[in-house]
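Take a look at the structure set out below.
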Amino acid sequence: MFPVPANVALGLAALLFLIGLVGVLVRRNLVFILLSIEIMLNAAGLAFVVGGARWHQPDGQVMFLFILAVAAAEVSVGLGLVLRLHRQGDSLDVDAASSLRG
Amino acid sequence: MNAPFYVAGAIALVSTLLVITRASAVHALLYLIVSLLAIAVIFFQLGAPFIAALEVIIYAGAIMVVFVFVVMLLNLGPRSVDAERAWLSPVGFVGPIVLGAILAAELLYIVSIAPRPGSASSLVSPTAVGASLFGPYYLGVELGSFLLLAGLVGALHLARSTEQAAR
């Protein structure tokens, strides 16, 4: 197995993160915004694992596990919000939820 | 030159780009699963087999299944795909893409001038990860379990139907 240069792997993580960021800024559908947030969290995890592998420490992989837990909690609450928004307005447009009420 | 790494990286980038440009939610989900599997290959190349397995099982498995399930519950038809196409105007892409390209150029410049990039392929065994997780990081594990419990309760409260809530 040939070694992977650390800066190339970090560049890949940065590009994936920025694609997710562009997705959050561009899309108006709440489901797609949640998907883009998943992309960003996963890219951050990739950067952690690259850092851990570069310095031969397990800490990067431990941080990835924490990011996994955060992503799971965020998805469960976010998809609950998606269901609630769909039930109220029959639309997934985030602009439809600009005026929150009780 | 590590060909599997570069091929998997290219697949991850292309499929992630397709995720944020699709009009249909199911197509975007399937492309995201492809992207996550490609990133799992990259984790394997980086010497993190445990994380690669978790990426497949938890991310591409559990979390994406929850997304598919919710898209199924929403029962989105061709009408929503048409609405999505109308929202996806090329004009709306210009600003975010310009900003993203500037940030990408900066980040890629910074990582390319690193003095000692070194190799990112070193096998860190699952044993070491487990020993670290339940050694110095045990407090983080406890907090993670609190967070998941809070997520469970929050999802239960938010997804409850309003008729049930009124009762």
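Remarks
- Members of region B:43-54 found to be assigned to a helix (DSSP H, G or I) and within 7 Å of chain A (Cβ to nearest Cβ), listed by number: B:PHE43, B:GLN45, B:PHE50, B:ILE51, B:LEU54
- Condition met for B:ILE57 (of a type in the set (Val, Ile, Thr) and either surrounded by 15 or more Cβ atoms within 10 Å (Cβ to Cβ) or facing chain A (nearest Cβ under 9 Å) (or both)): no
- Flag if B:SER132 is surrounded by fewer than 13 Cβ atoms within 10 Å (Cβ to Cβ), within 25 Å of A:GLY60 (Cα to Cα) and modelled with pLDDT of 90 or more: no
- Residue match in region B:80-101 (condition: closer than 26 Å to A:LEU68 by Cα, in the same structural domain as B:LEU37 (by TED's automatic domain parsing) and within 23 Å of the chain's Cα centre (by Cα)): yes
- Filter pass, A:ILE39 being within 7 Å of another protein chain (Cβ to nearest Cβ), closer than 19 Å to B:PHE43 by Cα, surrounded by 20 or more Cβ atoms within 10 Å (Cβ to Cβ) and among the β-branched types (Val, Ile, Thr): yes
- Residues that are part of a loop (DSSP other than H, G, I, E, B) and more than 7 Å from chain B (Cβ to nearest Cβ) within region A:58-102 comprise A:ASP90, A:SER91, A:LEU92, A:SER98, A:SER99, A:LEU100, A:ARG101, A:GLY102, listed in sequence order.
- Entry remark, region B:15-40: residues being surrounded by fewer than 19 Cβ atoms within 10 Å (Cβ to Cβ), assigned to a helix (DSSP H, G or I) and more than 14 Å from the chain's Cα centre (by Cα) number 3 in total.
- Among residues of region B:125-149, those that are at the interface with chain A (Cβ under 7 Å from one of its Cβ atoms), of a type outside the set (S, T, N, Q) and in a helix (DSSP H, G or I), counted: 7
- Residues of region A:3-16 that are more than 7 Å from every other protein chain (Cβ to nearest Cβ) and either hydroxyl-bearing (Ser, Thr, Tyr) or buried (at least 23 other Cβ atoms within 10 Å of the Cβ) (or both): A:ALA13 alone.
A quick yes/no check of all residues on (1) touching a residue at least 12 places away in the same chain (Cβ under 8 Å); (2) within 20 Å of A:VAL4 (Cβ to Cβ):
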position: B:VAL7; (1), (2): no, yes
position: B:GLU55; (1), (2): yes, yes
position: B:VAL70; (1), (2): no, no
position: B:GLU84; (1), (2): yes, no
position: B:PRO117; (1), (2): no, yes
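- Condition check for B:ILE97: at the interface with chain A (Cβ under 7 Å from one of its Cβ atoms), in a helix (DSSP H, G or I), surrounded by 18 or more Cβ atoms within 10 Å (Cβ to Cβ) and of a type in the set (A, V, I, L, M): no
- Among residues of region A:23-36, those that are in a helix (DSSP H, G or I) and facing another protein chain (nearest Cβ under 7 Å), counted: 7
- B:ARG116 vs. criteria under 30 Å from A:VAL8 (Cα atoms), exposed (fewer than 15 other Cβ atoms within 10 Å of the Cβ) and at pLDDT below 85: yes
The values are calculated or read from the model by the stated rules, or taken from the named source; none is laboratory data. The model shown is predicted, which means the values in this text are computed figures rather than measured ones. Cβ: placed from backbone, ideal geometry, glycine included. Neighbour counts: every protein chain shown.
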